[in-house]
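The values are calculated or read from the model by the stated rules, or taken from the named source; none is laboratory data. Treat the numbers as computed from the prediction; the structure is a model and nothing was measured. In this analysis, Cβ positions are derived from the backbone assuming ideal geometry, glycine residues included, and neighbour counts consider all displayed protein chains. Remember, those area values only see protein heavy atoms, side chains included, never the ligands or the DNA or RNA. Shrake-Rupley method; radii C 1.70, N 1.55, O 1.52, S 1.80 Å.
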Amino acid sequence: MTEAAATAHALPIEAETVAPEHDLFSKFDPLIAERQALVDSGVRDPFAIVMDAVKSPTVAMIKGRETILVGTYNYMGMTFDPDVIQAGKDALDQFGSGTNGSRMLNGTFRDHIAAEDALKEFYGASSAMVFSTGYQANLGIISTLAGKGEYIILDADSHASIYDGCALGNAEIVRFRHNSVDDLDKRLGRLPAEAGKLVVLEGVYSMLGDIAPLKEMVAVARRHGAMVLVDEAHSMGFFGTHGRGVYEDQGLDLGADVDFVIGTFSKSVGTVGGFCVSNHPKFEAMRMVCRPYIFTASLPPSVVATAETSIRKLMHAHNKRQHLWENARALHDGLRAMGFKLGTETPQSAIVAVILEDQAQAIMMWQALLEGGIYVNMARPPATPAGTFLLRCSLCAEHSADQVAAILAMFELAGRAVAAID
């Protein structure tokens with residue numbers, strides 16, 4: 001090699017900087033401008049709240065103020081259960097902080113199997129598959145089950161993880177009107193009889209808190225030869241005799257009626273992770289073909305240990321379930337009596353959605369509540385149906401009657417201040 005060539009080889013090549021013809025961020029400019037206008041107005045950003053400390057399932061410190069939490073999915077209040085916390089500490093001591101691998105390689109520890117065993121017992125299922133998040137559970141199962149030449153039929157208001165599972169796969173996608181049994185029947189009737197079909201439903205829809213007519217929908221799906229997957233993320237723990245979800249509450253069976261149940265650990269279970277349970281005799285094959293399961297690191301042992309302990313305690317949490325429903329009815333009925341427009345006519349779940357006129361009113365009321373010591377979620381499109389702006393309350397089994405009364409009192413003050421109620 002010549003000296004000149006060696007020098008050229010050793011020195012970094014300085015490429016001429018050329019401005020891109022199209023800034024890939026340009027499509028986000030309207031959203032960036034909207035957020036900046038919000039910040040400039042002096043209103044706190046509803047999507048950038050930091051909890052400096054969490055004192056219990058229902059109370060946190062936000063900007064130095066003790067705040068009642070009505071905007072988490074900690075439905076059964078398991079995050080501070082002493083047995084759950086101790087299980088996590090013990091696993092951390094025994095197995096360390098992480099797995100450093102996928103479930104298919106070195107990422108399956110004793111507590112992953114224990115969590116899957118607990119799920120099988122909880123649901124009366126022959127198979128259970130734990131994912132690193134609930135999002136990945138939907139992403140993986142849906143994209144893997146239905147392939148090219150097959151069909152996924154889903155509710156138009158389905159969660160983003162369901163839509164993303166459809167996008168990742170190769171199946172044809174068919175949407176039907178939200179909670180419409182007739183439209184589901186019509187859409188299924190137009191599909192080839194011989195084609196494979198998967199109907200994807202949710203027990204509780206997370207924005208408005210309404211439940212699906214699963215019994216009628218499953219009957220329609222079965223009549224058209226379709227398999228059925230139900231996402232019970234927002235109902236596990238407190239719907240049904242055993243807390244299995246809306247499908248159980250409506251008298252359906254895992255296996256005979258519903259083929260797959262998707263769930264999450266990040267709500268009633270009180271930690272993080274996702275899962276799918278099934279009684280299908282071939283379900284275990286999913287471990288060998290489901291990419292979001294195979295190609296991601298598994299949950300830390302401390303996390304699955306807390307999940308297993310929590311799930312086993314939820315099997316016997318009858319008093320907690322009863323109190324959660326008491327809280328949900330009290331908040332829903334109290335807000336309705338004040339004149340608020342709610343997402344459902346009657347209390348259908350632990351989610352109570354307060355619908356506002358527009359984004360400005362929603363943000364002003366959200367801030368008034370926060371300044372009064374109440375944290376709720378503000379939601380807007382595309383998370384909500386088009387043109388819908390709302391404050392979403394999620395009740396917890398650990399909310400006391402006094403806390404529910406305080407929430408109602410603050411809603412009345414804030415609602416009057418922003419002219420949401422008279």
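For the stretch 368-394, residues that are in a helix (DSSP H, G or I) and either touching a helix residue (DSSP H, G or I) at 6+ places or on another chain (Cβ under 6 Å) or closer than 10 Å to Ala353 by Cα (or both) total 2. What residue, among those in the stretch 179-201 that are open to solvent by 10 Å² or more (accessible area, probe 1.4 Å) and among the charged types (D, E, K, R), is farthest from Cys166 (Cα to Cα)? For the stretch 179-201, the residue satisfying everything is Asp182. When only residues in the stretch 271-286 that are open to solvent by 30 Å² or more (accessible area, probe 1.4 Å) and part of a loop (DSSP other than H, G, I, E, B) count, which is nearest to Asp253 (Cα to Cα)? In this case the residue turns out to be Asn279. Take the residues in the stretch 353-365 that are under 15 Å from Thr388 (Cβ atoms) and touching a residue at least 40 places away in the same chain (Cβ under 8 Å), then tell me which one is most open to solvent (accessible area, probe 1.4 Å). Taking the candidates together, the pick is Glu357. Of the helices (runs of 4 or more DSSP H) that lie entirely inside the stretch 287-348, those containing 2 or more residues that are polar (S, T, N, Q) and open to solvent by less than 40 Å² (accessible area, probe 1.4 Å) span 301-314. Of all residues in the stretch 60-107, those satisfying the criterion of being in a strand (DSSP E or B) and open to solvent by 20 Å² or more (accessible area, probe 1.4 Å) are Met61, Arg65, Glu66, Ile68. The residues of the stretch 202-237 that are in a loop (DSSP other than H, G, I, E, B), among the hydrophobic types (A, V, I, L, M, F, W, C) and open to solvent by 10 Å² or more (accessible area, probe 1.4 Å), listed by number, are Met207, Leu208, Ala233. When the stretch 111-135 is examined, which residues are found to be more than 15 Å from His280 (Cα to Cα) and either outside any helix (DSSP H, G or I) or open to solvent by 30 Å² or more (accessible area, probe 1.4 Å) (or both)? Those that are more than 15 Å from His280 (Cα to Cα) and either outside any helix (DSSP H, G or I) or open to solvent by 30 Å² or more (accessible area, probe 1.4 Å) (or both): Ile113, Asp117, Glu121, Val130, Phe131, Ser132, Thr133, Tyr135. Among the residues examined, Ser56 does not qualify as over 30 Å from Leu408 (Cβ atoms), in contact with a strand residue (DSSP E or B) (Cβ under 9 Å, 6 or more places away or on another chain) and in contact (Cβ under 8 Å) with a residue 24 or more places away in the chain. Quick check on Ala328: is it under 21 Å from the mean Cα position of the chain (by Cα) and under 30 Å from Ala401 (Cα atoms)? So Ala328 passes the test. What about Leu254, is it at negative phi and surrounded by 23 or more Cβ atoms within 10 Å (Cβ to Cβ)? So Leu254 does not fit the description; no. Every listed requirement among (1) over 30 Å from Asp185 (Cβ atoms); (2) in a loop (DSSP other than H, G, I, E, B) is met by Lys148 save one, (1).
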